[in-house]
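Notes follow the structure.
What follows draws every value from the coordinates through simple rules; no lab data is involved. Note that this is a predicted model, so its numbers are computed, not measured. Every residue, glycine as well, gets a Cβ built from its backbone with ideal geometry; the counts of neighbours run over all protein chains shown.
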There are 2 protein chains.
Amino acid sequence: MIYDLLIENITKNREVSIAEAEKFCSFFNDKTISKKEFLLKQGEFCKFEAFVTEGCFRVFSLDKKGNENTLYFAAKDWWLMDIDSFMNHKPSDLNIQALEDSKILIISQEDKSNLYNELPMAEKFFRIMFQKSIVAWQRRVVRNNSLTAKERYNYFTTHYPEIVLKLTDRQMASYLGITHEFLSKIKKRDKKQ
Amino acid sequence: MIYDLLIENITKNREVSIAEAEKFCSFFNDKTISKKEFLLKQGEFCKFEAFVTEGCFRVFSLDKKGNENTLYFAAKDWWLMDIDSFMNHKPSDLNIQALEDSKILIISQEDKSNLYNELPMAEKFFRIMFQKSIVAWQRRVVRNNSLTAKERYNYFTTHYPEIVLKLTDRQMASYLGITHEFLSKIKKRDKKQ
DNA sequence: AAAAATAGTTGAACAAGTTCAACTCGATCA
DNA sequence: TGATCGAGTTGAACTTGTTCAACTATTTTT
């Protein structure tokens, strides 16, 4: 069933009844996105939140010099959204692109609001999800400030081996905050040893 | 009244009754912390969340080489906690130290749990607060990856001038992710122009 | 008021990471 | 089949930021 993964995600480590989980899911529609297709482009309003059930996405912004900066990758079982644009009803700074043919469960802005109103557990669920997300972002900041590029590369490849397989070096470099040329040199040094 | 600032914080841009706001506050106790005192030390369990009503704090971790890495500063009207330790009941990686004589409103782990159970608006309030926090962390990651040290310094000093006044250069450098020597050189170049 | 600790400054040598340009290698497409 | 396009590789010169050490304020403690 298309909702299996989402049900598992929301019930994991939580006291949630089957009825609640099913009601939760009923607010989501499934959608297919082809490789390279954009789910969101910079400047558009992000009017959805999504849960990835298949495939992988890249969330990135473009800086003044035109360099891509990858905020995160979202594979199966990850949530996908531009919180800022969604919450504050403003044009997005982010691009969301499918790295391969993918499937998501998507909820509109209106239904998200209904979900919160009709299902009290949704508030707690997303509150806890956001807390976890903050922990992850804090750790990322610390890693970026205290580790060398080589160390960040090692961290990423050992912690997200499945995602690494789906990426080009350029995409990984834009996540690590280095140029793809330098990533290539890091990998070369690796092989020699 | 000691709760004035907290009441303003939780009612701002929200539909919250006075009764709710007062009940919310009743879970918090005020506490005074002297300059340089630690509210939390690495290795301890963070069993509180706090709201700063006066003064300023620094939240930082120590990496393997012994370098300090400042996650954020919390002045008046900011929230203060180690989410990871508090949520997952594990020893903290963070240190929280007062930069000057300060006052906070503090809530224990047990009361936080009671607050969520007894006051439904608390879930929504913290859910939205955490969403905003994620946006801020995402922007910080992008800045750290796409701006030079000089540009990050300019960003920080123009966006947080009141906090800058309370910091030593070493503390600011540990937030910007550079050495204090290099910060000194950045400031010198600034003056010449 | 003196002593001791801590914070900021500066320079020289060094390391980490970027830039640009040239090249190679596959994949895809006409 | 060739042409083309994007991805990865490599080197040389360059820029950004670090390290270490010595020095100078400035606070804090006694």
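Here is how the numbers come out for the structure above:
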quantity	calculated
Percentage relative contact order, chain A, counting C-alpha pairs under 8 Å, at least six apart	23
Along each principal axis, Cα extent of region A:4-118, largest first, Å	50, 29, 24
Cβ-based net charge around A:Leu119, under 9 Å, with every Lys or Arg adding one and every Asp or Glu removing one	-2
Exposure proxy order (Cβ contacts within 10 Å, fewest to most) of A:Lys187, B:Lys124, B:Lys64	B:Lys64, A:Lys187, B:Lys124
Inter-centroid distance (Cα atoms) of region A:1-73 relative to region B:17-58, Å	35
10 Å Cβ neighbours from other chains, averaged over peptide B:61-68	2
Cα pair distances exceeding 29 angstrom across chain B, given as percent	28
Restraint check, A:Lys64/A:Lys187; B:Lys12/B:Lys76; B:Lys103/B:Lys166, Cα-Cα greater than 18 Å	A:Lys64/A:Lys187
Exposure proxy order (Cβ contacts within 10 Å, fewest to most) of B:Lys150, B:Lys36	B:Lys36, B:Lys150
Spatially proximal aspartates and glutamates relative to A:Lys185 (Cα-Cα < 20 Å; intrachain offsets below 8 disregarded)	A:Glu68, A:Glu151, A:Asp169
Two-site FRET efficiency, B:Asn154 against A:Lys12, from Cβ-Cβ distance with R₀ of 35 Å, rounded to 0.05	0.20
Average partner coverage of B:117-130, which counts Cβ from other chains inside 10 Å	4
Listed residue (B:Ile106, B:Phe48, B:Tyr160) projecting farthest to the positive dipole end of the protein assembly as shown, Cβ model	B:Tyr160
Gaussian network model of chain B, Cα within-10 Å springs - most flexible of B:Val142, B:Val52, B:Val164	B:Val142
Helix A:120-146 vs. chain A, principal-axis angle (Cα, 0 to 90°, nearest 10)	10
For residues of A:138-151, the mean tally of beta carbons on other chains within 10 Å	5
Folded to 0 to 90 degrees: helix B:149-159 orientation relative to chain B principal axis, Cα	40
Debye log10 I(q)/I(0) for the protein assembly as shown, one point scatterer per Cα, at q = 0.14 Å⁻¹	-1.43
Rounded to 10°, Cα long-axis angle of helix B:180-192 versus longest principal axis of chain B	70
Over chain B: helical MRE at 222 nm, DSSP H runs n ≥ 4 each giving -39500 (n - 2.57), nearest 500	-15000 deg cm²/dmol
10 Å Cβ shell holding at most 16 others, DSSP loop, GluC sites (Glu not before Pro): longest site-free stretch of chain A	A:101-193
Taking A:Phe38, A:Phe28 and counting other C-beta atoms within 10 Å, the order from fewest to most	A:Phe38, A:Phe28
